[in-house]
Amino acid sequence: MKRFDAYDSGLLADLASISAGYPFRGKIDALPEGDVAVIQMRNADPETGIDWEGLARIELPRESAKAFLRLGDIILSTRGGRNFPYCIERRDEQVVCSPHFFVIRVRTDAILPQFLAWQMMQKPARDYFAAGATGSYILNLKREVVENLPIAIPPLPQQQHIADLDLAVRGERAILTKLIDNRAAEMTAIAQQLLAPAFQRPEQRAS
């Protein structure tokens, strides 16, 4: 394993293992219900993160402990030109992801998973992924492109500070989004109450 010093840099493959998600055969939704949660592309959004409540819970056709995601794993969407990373938080259930994600597992103490996920979300990394994606109809990100992603490695205290700031920003964004949604619902209710009578037929208004 390569040694990394403060303010060093390296390639993602030097820092982490990179593997595909669980190799499902056929439709996930057609599998029997079970106690294993599955993250699919539709469950992940760069603004709101992973919709944990909306995950399908299924019985794995071939159960393998290696397939289960761990705390600190990063999953990276590989299809459709939306190559966003998601760092896995602690869960009380077994979770896997579909093969449309890469599973990135840090193998060194030189970098924090939360900081790595933040770095992979930033414009330089997104531009790199966009340039390396292939496909004429549906863009696809190959493993060798991900492996060669350049990664900056600042001191751990700076990494932690950035990860904490990112967590705070995402929390503030969630609060603001909820406030906006609540205000929009309030305005919709006002519009319904105020304007609905004007769209009634004359006989309805007369009655």
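The values are calculated or read from the model by the stated rules, or taken from the named source; none is laboratory data. Nothing here was measured: the structure is a model prediction, and the numbers come from that model. Backbone-built Cβ (ideal geometry, glycine too); neighbour counts: all protein chains shown. Ligands, DNA and RNA are stripped out before the accessible areas are found, and what is left, the full protein with its side chains, is counted by its heavy atoms. Shrake-Rupley method; radii C 1.70, N 1.55, O 1.52, S 1.80 Å.
Return yes or no: is G81 modelled with pLDDT under 95, on the phi > 0 side of the Ramachandran plot and surrounded by fewer than 14 Cβ atoms within 10 Å (Cβ to Cβ)?
Taking the combined requirement at face value, the residue does not satisfy it.
Out of the helices (runs of 4 or more DSSP H) lying entirely within the range 82-199, which hold 1 or more residues that are among the hydroxyl-bearing types (S, T, Y)?
In the range 82-199, 123-132, 156-195 are the helices (runs of 4 or more DSSP H) which contain 1 or more residues that are among the hydroxyl-bearing types (S, T, Y).
Only residues that are open to solvent by 30 Å² or more (accessible area, probe 1.4 Å) and either touching a strand residue (DSSP E or B) at 6+ places or on another chain (Cβ under 8 Å) or closer than 14 Å to D166 by Cβ (or both): list them for the range 125-145, please.
In the first step, residues of the range 125-145 are kept if they are open to solvent by 30 Å² or more (accessible area, probe 1.4 Å); the result is 126-128, 130-131, 134-140, 142-144.
Those that are open to solvent by 30 Å² or more (accessible area, probe 1.4 Å) and either touching a strand residue (DSSP E or B) at 6+ places or on another chain (Cβ under 8 Å) or closer than 14 Å to D166 by Cβ (or both): Y128, T134, I138, L139, N140, K142, R143.
Residue under question is R62, and the condition is that it be assigned to a helix (DSSP H, G or I), without any contact (Cβ under 8 Å) to a residue 40 or more places away in the chain and surrounded by fewer than 18 Cβ atoms within 10 Å (Cβ to Cβ); does it hold?
no
For residues in the range 161-172 being under 17 Å from Y86 (Cβ atoms) and open to solvent by 90 Å² or more (accessible area, probe 1.4 Å), which is modelled with the highest pLDDT?
Among those that are under 17 Å from Y86 (Cβ atoms) and open to solvent by 90 Å² or more (accessible area, probe 1.4 Å), it is L167.
Name the pairs whose Cβ atoms lie under 9 Å apart, with the first residue in the range 172-195 and among the basic types (K, R), the second loosely packed, with under 10 Cβ neighbours inside 10 Å and at pLDDT below 90, and 6 or more positions between them or separate chains?
Close Cβ pairs (under 9 Å, with a partner that is loosely packed, with under 10 Cβ neighbours inside 10 Å and at pLDDT below 90) amount to R173/E47.
Filter the range 36-59 for residues that are in a strand (DSSP E or B) and either touching a Cys at 6+ places or on another chain (Cβ under 6 Å) or of a type outside the set (A, V, I, L, M, F, W, C) (or both) and give the result.
I39, D45, G49, R57 - these are the residues of the range 36-59 that are in a strand (DSSP E or B) and either touching a Cys at 6+ places or on another chain (Cβ under 6 Å) or of a type outside the set (A, V, I, L, M, F, W, C) (or both).
Looking at (1) over 23 Å from the mean Cα position of the chain (by Cα); (2) part of a strand (DSSP E or B), find the lone condition where S17 falls short.
All conditions pass for S17, except number (1).
List the number of the failed condition for G72; all other conditions in (1) loosely packed, with under 14 Cβ neighbours inside 10 Å; (2) within 29 Å of A168 (Cα to Cα) hold.
(1)
Do we have any residue at all in the range 2-21 that's open to solvent by 40 Å² or more (accessible area, probe 1.4 Å) and touching a Leu at 6+ places or on another chain (Cβ under 7 Å)?
Yes: the range 2-21 contains one or more residues that are open to solvent by 40 Å² or more (accessible area, probe 1.4 Å) and touching a Leu at 6+ places or on another chain (Cβ under 7 Å).
With closer than 17 Å to A44 by Cβ and either surrounded by fewer than 23 Cβ atoms within 10 Å (Cβ to Cβ) or under 15 Å from the mean Cα position of the chain (by Cα) (or both) as the only criterion, which of Q94, Q114, Q119 stands out?
Q114
Need the failing condition index for D181 against (1) open to solvent by 70 Å² or more (accessible area, probe 1.4 Å); (2) on the phi > 0 side of the Ramachandran plot, just the number.
Evaluating D181 over (1) open to solvent by 70 Å² or more (accessible area, probe 1.4 Å); (2) on the phi > 0 side of the Ramachandran plot leaves (2) as the failure.
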